[in-house]
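Trainee: Here it is, the structure, as structure tokens.
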Amino acid sequence: MKVLFLSSEVVPFAKTGGLADVAGALPKAIRQIGHDVRIFMPRYKFVDPKETLPGTDIKMYFFENRNFTSRESLYGIDGKDYSDNYEAFLAYCEAVIPFLLGMKWIPDIIHCNDWQSAPLTAFVKKKREEGSFMRTATVYSIHNMAYQGSFPGREIENFAKAAILSADVINSVSPTYAKEIQTEDFGAGLQSFMQERTKDIYGILNGVDYDLWNPAKDQALVKRYNRNTLSLRTRNKRPLQKEMGLAENENIPIIGMTSRLDVQKGFDLIAGAIEEIMKLDCQLIILGTGDPRYHKLLNEMKERHPDKIGIKLGFDAALAQRIYAGSDMFLMPSRYEPCGLGQLISFKYGAIPIARKTGGLADTVHDNEDGFVFEEYNAQALLEAIKRALSAYKNRSTWNKMQERVMGYDYSWDASAKKYISLYVKALDKLIK
């Protein structure tokens, strides 16, 4: 099967969020199965087109024009979108069909991701009406419905809507989120169009790159370990407490969190519950950056409870890995979470998730089985879930069995890639009907 994969960001070339991780990992997993997959992305100012995708022979194609090569970042700067986003990403989409025809390489599947490549699905549909690209199916993946590419007054007012109306199949990054975005609460104004396409909407969980996220190989850890050497895990705890300026005691349960400090990630709930959390027999470690009001809150809490809360406001990849390895629990109280990567990584590292039942969290974390789940979006529900987790932690034999269970889960990209191949077949089947 020939697959053209479009993404506006791909690790290691450019990244603002999870889309880049998917685009850097999924094509490699599809290639390993044996398919001819190629990637097409914009070339931003800071991207070297001579670079290749590490660990694979996948061909990378970069679209160049002045809208992109003059940019310091991907979509905007200082919190404001670039004024030429419409022209830039429309040109990116318009370039694909002439490029393929010139190469004389016509893919079976064109896989578009999020709003930046969405209009291409409409262009392919129009080409079919004209008698070409008759055997090329389009797949549109929604990584976050909140970002749609809205340009009021322009010819294409909403890029995401264009794909929802024209793609052969629509995919989201977890089964539950695929259902949620068809509702008023999560559809971000496009729910009626999603409901019209409900038979063509699927959900496939993202995978984890276990070459990167693996406590047995992780060079950032004080002590590496695996499922069979779980007892070694505790050697990462005291060093983490020391690094974060906390009381050093391996018997105190640590609740870790690495996240954008934002309402979407549940920080309004944390703000409402944090005084009560500080009264519990636990320590809280948070790594992230985001909304200044949460920066202020966490700094104030650190001053008042220096032995109970450790914070680092910023991004530190190595520290994130040490938090996964040194924490006993991992906190994800999200308002919504299309897939979630944190809970899948925490499984591998043996940190038990405390999570809200939404999106990919609902699909992967099950109460009292492999985590502690709350459903109502309020601070009290969060607090009760934390208390249940801390109570369960006291029975160390049962807790260790839960850790062993979750560390054995397989959320590799290989498993996800096989599901994407099945999705591609469904898209191609639609061309026959």
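Trainee: Check the range 40-56 and report whether any residue there is open to solvent by 10 Å² or more (accessible area, probe 1.4 Å), of a type outside the set (Asp, Glu), at pLDDT 95 or above and on the phi < 0 side of the Ramachandran plot.
Mentor: yes
Trainee: With Asp108, Asp78, Asp84 as the choices, which residue is acidic (Asp, Glu) and in contact (Cβ under 8 Å) with a residue 60 or more places away in the chain? Break it down stepwise before answering.
Mentor: Details: Asp78 fails: in contact (Cβ under 8 Å) with a residue 60 or more places away in the chain; Asp84 fails: in contact (Cβ under 8 Å) with a residue 60 or more places away in the chain.
Criteria check complete, one pass: Asp108.
Trainee: The conditions are (1) touching a strand residue (DSSP E or B) at 6+ places or on another chain (Cβ under 7 Å); (2) within 29 Å of Gln264 (Cβ to Cβ), and Ala137 fails exactly one of them. Which is it?
Mentor: Result: Ala137 fails condition (2) only.
Trainee: Here is a follow-up. Working only within the range 298-340, note down all residues that are open to solvent by less than 40 Å² (accessible area, probe 1.4 Å), out of contact with any Pro (no Cβ under 7 Å at 6 or more places or on another chain) and farther than 23 Å from Asn249 by Cβ.
Mentor: Result: Gly314, Asp316, Ala318, Pro333, Ser334, Glu337, Pro338, Cys339, Gly340.
Trainee: Can you pull out every residue in the range 230-249 that is open to solvent by less than 80 Å² (accessible area, probe 1.4 Å) and either in contact (Cβ under 8 Å) with a residue 12 or more places away in the chain or in contact with a Ser or Thr (Cβ under 8 Å, 6 or more places away or on another chain) (or both)? It would help to see each step written out before you state the result.
Mentor: Initial filter on the range 230-249 (open to solvent by less than 80 Å² (accessible area, probe 1.4 Å)): 230, 232-234, 236-237, 239-241, 244-247, 249.
Leu230, Arg233, Thr234, Asn236, Lys237, Pro239, Leu240, Gln241, Met244, Gly245, Leu246, Ala247 - these are the residues of the range 230-249 that are open to solvent by less than 80 Å² (accessible area, probe 1.4 Å) and either in contact (Cβ under 8 Å) with a residue 12 or more places away in the chain or in contact with a Ser or Thr (Cβ under 8 Å, 6 or more places away or on another chain) (or both).
Trainee: Okay, moving on. Test Ile252 against the criterion of being surrounded by 15 or more Cβ atoms within 10 Å (Cβ to Cβ), in contact (Cβ under 8 Å) with a residue 12 or more places away in the chain and part of a loop (DSSP other than H, G, I, E, B), and give yes or no.
Mentor: Answer is yes for this residue.
Trainee: Among the listed residues Asp328, Asp316, Asp367, Asp291, which satisfies the condition of being of a type in the set (Asp, Glu) and touching a residue at least 40 places away in the same chain (Cβ under 8 Å)?
Mentor: On the way: Asp316 fails: touching a residue at least 40 places away in the same chain (Cβ under 8 Å); Asp367 fails: touching a residue at least 40 places away in the same chain (Cβ under 8 Å); Asp291 fails: touching a residue at least 40 places away in the same chain (Cβ under 8 Å).
That would be Asp328, the only listed residue that is of a type in the set (Asp, Glu) and touching a residue at least 40 places away in the same chain (Cβ under 8 Å).
Residue-wise test of (1) open to solvent by less than 60 Å² (accessible area, probe 1.4 Å); (2) basic (Lys, Arg); (3) out of contact with any helix residue (DSSP H, G or I) (no Cβ under 7 Å at 6 or more places or on another chain); (4) not in a helix (DSSP H, G or I).
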| position | (1), (2), (3), (4) |
| --- | --- |
| Leu383 | yes, no, no, no |
| Lys387 | no, yes, yes, no |
| Ser391 | no, no, yes, no |
| Ser397 | no, no, yes, no |
| Lys401 | no, yes, yes, no |
| Val406 | yes, no, no, no |
| Tyr409 | yes, no, no, yes |
| Ala415 | yes, no, yes, no |
| Leu423 | yes, no, yes, no |
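Trainee: With at pLDDT below 95, within 25 Å of Ile109 (Cα to Cα) and open to solvent by less than 60 Å² (accessible area, probe 1.4 Å) as the only criterion, which of Val173, Val208 stands out?
Mentor: Sole residue among the options that is at pLDDT below 95, within 25 Å of Ile109 (Cα to Cα) and open to solvent by less than 60 Å² (accessible area, probe 1.4 Å): Val208.
The values are calculated or read from the model by the stated rules, or taken from the named source; none is laboratory data. From a predicted model like this one, the values you see are computed outputs, not experimental measurements. With ideal geometry, Cβ positions are generated from the backbone for all residues, glycine too; neighbour counts draw on all protein chains shown. What goes into the accessible areas is simple: the full protein's heavy atoms, side chains included, and nothing from ligands, DNA or RNA. Shrake-Rupley method; radii C 1.70, N 1.55, O 1.52, S 1.80 Å.
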